[in-house]
1. Quick check: from the Cα gyration tensor, does segment 36-77 come out rounded (a/c under 1.5), prolate or oblate?
2. Within the P(r) computed for segment 55-104, what percentage of the Cα pairs occupies the region above 12 Å?
3. Roll a 1.4 angstrom probe over the protein heavy atoms and tell me the percent of accessible area of segment 128-250 that is carbon or sulfur.
4. Below 16 Å, Cα to Cα, which lysines can residue 107 reach? Residues fewer than 8 away in the same chain don't count.
5. Hey, what's the chain come to in accessible area per residue, 1.4 Å probe, Å²?
6. Between beta-carbons, use under 12 Å as the cut-off and find the net charge around residue 271, counting Lys and Arg +1, Asp and Glu -1.
7. Just want the answer: with Cβ charges of +1 for Lys and Arg and -1 for Asp and Glu, which residue in 163, 178, 205 is farthest toward the dipole's positive end in segment 130-217?
8. Tally Lys/Arg at +1 and Asp/Glu at -1 over every other residue whose Cβ is under 12 Å from the Cβ of residue 173; what's the total?
Amino acid sequence: MKNHILLGKLLMNAFKILGKAQKEIEIELNKFKFSEEIVKDFKNLNFKESFKKNFFTLLIISLLIESKVSKKYIISYTKIIIYLRQIVTSTDNILDNENKGLIFIKKLKNNIVSNSLVMLMCQNLLTKECLEITKGNDEAVKKIFEKIYIIAISESLRDKSQYKEYPKDKYILEEIHSGIGGELLKISLEIPLIVEENLKLKEFSKGIYEIGMSLQALDDFFDIDEDEESGKINLLKAELVYKKIEKKDEEIKEEYLKKVSSNAYNGFKILENNDFPINQKEAKKVLKKLFELRGLKEYTYILD
């Protein structure tokens, strides 16, 4: 019960900080001469709705709070998280011909042009924020783009056409999921890790990496048909290809999800071991909700 209350308070504080950061971003976006054409999907959601839509953003902010990073920078760190989230989403929009995210340009109907401009805007604002925090030192900005490069390399390795035979799970985890899963979630902590000497945050980042790996594996389960159609390498597909002879498909899928949930629990356990108020019971609630949101409610029994 104590963990439940403490976690709730942390997430509520994170929600308030997220709201303040979004307001500051709106002020920044309104400085552009074409600001009337910029749509900001920063709805004044209540906590419950924000929890569903922004859980991992709230979790990251909660980790910043719990690790006691500098209070004067926490809004800036949150703005950087939002900018990074939009940069990654805009990139995915271009690759997958989608239009998701938080920031949009009304007049630009060409998906590539619109998302490219949004990326440039967020890159500009991210760089500005980083330079203000580091008092003009651009090393933090370089580090962020080095991490983005790693993620981009991993994304490029998903193209199935470059392989003579389907890659095995070890390769996919080490070369692809490490970037688009682990590093993608962990990048949100990169700037505070650079700016502050914070051992607890460093340990938290290890847990977040593991959770990110599990999230990508879960996405691969949900997106297996879509990935096959678009020619992308998929971890579950690899399991089905190489284990099909000895096991039935449903058995392989069940084992796969058990492994995913076990790895996620390990990530949350790292957070718990470093005094973040989340135990296996709370972690189970989070994973159950993720399964349900991804249309996998029939498999939630695996979490027991």
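The values are calculated or read from the model by the stated rules, or taken from the named source; none is laboratory data. Note that the coordinates shown come from a computational prediction; the quantities given were computed from them, not determined experimentally. Neighbour counts are summed over all protein chains in view; Cβ atoms, including those assigned to glycine, are modelled from backbone coordinates with ideal geometry. Calculation scope for accessible area: heavy atoms of the full protein, side chains included, ligands and nucleic acids excluded. Shrake-Rupley method; radii C 1.70, N 1.55, O 1.52, S 1.80 Å.
1. On the way: a/c = 3.10, a/b = 1.47, b/c = 2.11.
Taking the square roots of the gyration eigenvalues as a ≥ b ≥ c, segment 36-77 is oblate.
2. Working: 817 of 1225 pairs.
Distances greater than 12 Å cover 67 percent of the Cα pairs.
3. On the way: 3400 of 6430 Å².
For segment 128-250, the apolar C and S fraction of the accessible surface comes to 53 percent.
4. 33, 40
5. On the way: 15990 Å² over 304 residues.
So the chain comes to 53 Å² accessible per residue, rounded to a whole number.
6. On the way: positive: 200, 206, 269; negative: 66, 203, 210, 272, 275, 282.
Value of the local net charge: -3.
7. 163
8. Details: positive: 168, 170, 259; negative: 169, 174, 175, 210, 220, 239.
Net charge in that neighbourhood comes out at -3.
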